[in-house]
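Visitor: Structure below; questions to follow.
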Amino acid sequence: GQSLEQPSEVTAVEGAIVQINCTYQTSGFYGLSWYQQHDGGAPTFLSYNALDGLEETGRFSSFLSRSDSYGYLLLQELQMKDSASYFCAVREGGRRALTFGSGTRLQVQP
Amino acid sequence: ETGVTQSPTHLIKTRGQQVTLRCSSQSGHNTVSWYQQALGQGPQFIFQYYREEENGRGNFPPRFSGLQFPNYSSELNVNALELDDSALYLCASTPGGNTGQYFGPGTRLTVT
């Protein structure tokens, strides 16, 4: 089976940098993804890491260390619109099905 | 906008009834997955279809079933609805070789 752990809530101020951590336990690992979900909305794909290291997409970066079964999402220059839930997810084997963490609720304050 | 659409947006059903939810995938995406998301939780994988065949299933009972059609649209059927089936149901499509999943807006199902 697979399990993922991430903090339930994080609070930060506009313009700041925030890091959301994710640790996972899997029987097979094909990559770590991050999704953003606003209240009442659908999850939106942010990033995917299959190999160790940092992937950067604009203000968002994602990092993976397979040896530590650990990854994080880094959000820079926080904006109010970044207030949302963020989920890490592990891809299960050859299928593209995902196992999601319980999500981290990010509140950005003025 | 992901190009994935779902219908209906909201649905209210009574315990014991049956429901069919529909999903139209983004053009060119041959894999569709269905997820159940309870309030305050992450999405839970129900099953996945690839080229009209079931390609994996999560920990859901047989009363959850699905279909994928030649145009890659999909249905999720739930029989004998229970109160705990109340949730947001999401479908997600994936193009061949891509690593991201593109979610539709979801169907909010309420079972009373």
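Just so it is clear, none of the values below were taken in a lab; they were calculated from the coordinates. The structure presented is a predicted model; accordingly, all values stated were derived computationally and were not measured. Cβ placement follows ideal geometry from the backbone for every residue including glycine, while neighbour counts extend to all protein chains displayed.
Visitor: Once each part is reduced to its C-alpha centroid, what is the distance from region A:1-33 to region A:45-110 in angstrom?
Guide: After rounding, the separation between the Cα centres reads 6 Å.
Visitor: Another question, if that's okay. Shape verdict for chain A, please, from the Cα gyration tensor: rounded (a/c under 1.5), prolate (a/b greater than b/c) or oblate.
Guide: In terms of gyration-tensor shape, prolate.
Visitor: Just to confirm a number: summing +1 for Lys and Arg and -1 for Asp and Glu over residues other than A:Met80 whose beta-carbon lies under 15 angstrom from that of A:Met80, what do you get?
Guide: The answer is -1.
Visitor: Measure off 7 Å from each Cα along the Cα-to-Cβ vector at B:Ala38 and B:Arg22, then give the distance between these two points in nanometres to one decimal.
Guide: 3.0 nm
Visitor: Where a ≥ b ≥ c are the square roots of the eigenvalues of the C-alpha gyration tensor, would you call region B:51-95 rounded, which needs a/c under 1.5, or, failing that, prolate if a/b is larger than b/c, or oblate?
Guide: Prolate, because a/c is 1.5 or more and a/b exceeds b/c.
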